1. Applying the selection to region 234-269, what residues are at positive phi and out of contact with any Lys or Arg (no Cβ under 8 Å at 6 or more places or on another chain)?
2. Which one of Leu91, Leu68, Leu121 is modelled with pLDDT of 85 or more and farther than 21 Å from Tyr9 by Cα?
3. Name the single residue that is modelled with the highest pLDDT among those in region 193-216 being open to solvent by 70 Å² or more (accessible area, probe 1.4 Å) and not in a helix (DSSP H, G or I).
4. How many residues does region 247-271 hold that are within 19 Å of the chain's Cα centre (by Cα), farther than 19 Å from Glu322 by Cα and not in a loop (DSSP other than H, G, I, E, B)?
5. Check Ser238 against each of (1) open to solvent by 50 Å² or more (accessible area, probe 1.4 Å); (2) assigned to a loop (DSSP other than H, G, I, E, B) and name the one condition it does not meet.
6. Could you please tell me which pairs satisfy a Cβ distance under 6 Å, a separation of 6+ or placement on different chains, a first residue in region 123-134 that is in a helix (DSSP H, G or I), and a second residue that is of a type in the set (Ser, Thr, Tyr) and at pLDDT below 85?
7. Given the conditions (1) touching a Ser or Thr at 6+ places or on another chain (Cβ under 8 Å); (2) more than 20 Å from Gln308 (Cα to Cα), and given that Arg223 satisfies all but one, which numbered condition is not satisfied?
8. Look through region 45-81, keep the residues that are among the small types (Gly, Ala, Ser) and under 20 Å from Asp131 (Cβ atoms), and return whichever of them is nearest to the chain's Cα centre (by Cα).
Amino acid sequence: MTKKRLILYYLAGWLCLTLYLYIDNVANKRGAQPYVWSNLVSVFMAFTFCFFAVYPFFLKRKKIPLLLAGLVIAEVLFVACRYLIEEVLYLWFLGYDNYDDSVSAIRYFNDNWWRALQPILFSFIAWALLDTFKKEREAEQLKKENIQAELLFLKTQINPHFLYNTLNYLYSLAYPVSDVLGQAIIKLSQLMRYMLHNSPDGMIGLQLEIDYLHNYIEIYKLRFEDHFFVDFSITGASEGKRIASLILIPFVENAFKHGVVDDSSRPIQIRIDVKGDELYFSSSNAINHGAKDSSSGIGLANIRRRLQLIYPETHQLLTAAEGDTYTTTLKIHLK
């Protein structure tokens, strides 16, 4: 969502609310009393607070207790702002206030809290319309990107079933000659088999994704023989869990491409931990300042975009380079 569109919806909501207050003042013949202006300022404060803070941070993330607390704060903000203007500033500068001295704070709050419902409601409508538009745009964008990815895949692929069957045949020929070569071919065929399991919605069993990572690491290890040091560990139960296919492999690829894989004192650390419906992935590697792998890969910006489209508001991705160490941590709420 662009800042321009955010401001546009904010101003549209504020304009509608102002128009409503104007019609209400005309209908009740309030005219341009100074208390009308104090109400307008208070309404502005509550509207802005709800639109930019309460709804996007609490309602969108389904933090109901914090949402209720935020609405209460909006009520207090409205009443406090109104009191400051009418009972303090007006008294100082104009010589009069709205209530007499006998009115207690509780009675003042009871007499004004319901007025805050107007900006709270109007800000919700404006924010809800903006959020709905954003979701529709993201759904449409995801649809377009999936179509483009599918077309690219269809354009570049060689019949995967043919390759899979051919690799199995090559394995039968290579195994009697070289066990290492035979194992490499069978693992490559397992990577190809993973591609055949990809479902129409782009989701796949978590265990298949983990097996894919394991096979990828084993094949990569062949390039370095005994000079390859990677600590890959999995904890938690992956059975019955589903994840977007090939969502984790870019982080492993980047760790190998930009990291140091032949230092036994600092092996690349790759962790996967499954806790309920939460998946925690982390990788850590020493940064290789020498020559880089020239093979193509998926950029971090593209990874972030894919995560945002598939797991909006249900993932957290953090990357950091501290000294000569690069770390990646990813948390996903599995669908």
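The values are calculated or read from the model by the stated rules, or taken from the named source; none is laboratory data. Predicted, not measured: the structure shown is a model, and the values here were computed from it. So basically every Cβ, Gly included, is an ideal-geometry build from the backbone, and we count neighbours across all protein chains shown. These accessible areas exclude ligands, DNA and RNA; they are computed on the full protein's heavy atoms, side chains included. Shrake-Rupley method; radii C 1.70, N 1.55, O 1.52, S 1.80 Å.
1. Gly240, Leu246
2. Leu68
3. Taking region 193-216 as the starting set, the residues that turn out to be open to solvent by 70 Å² or more (accessible area, probe 1.4 Å) are 193, 195, 197-198, 200-201, 207, 214.
When the remaining residues are screened for being not in a helix (DSSP H, G or I), the result is 197-198, 200-201.
On the way: His197: 58, Asn198: 56, Pro200: 59, Asp201: 66.
Checked region 193-216; the qualifying residue modelled with the highest pLDDT is Asp201.
4. Qualifying residue count for the region: 2.
5. So the condition that Ser238 fails would be (1).
6. So the pair list comes out as Ala126/Tyr9; Leu130/Tyr9.
7. (1) is the only condition that Arg223 fails.
8. Ala53
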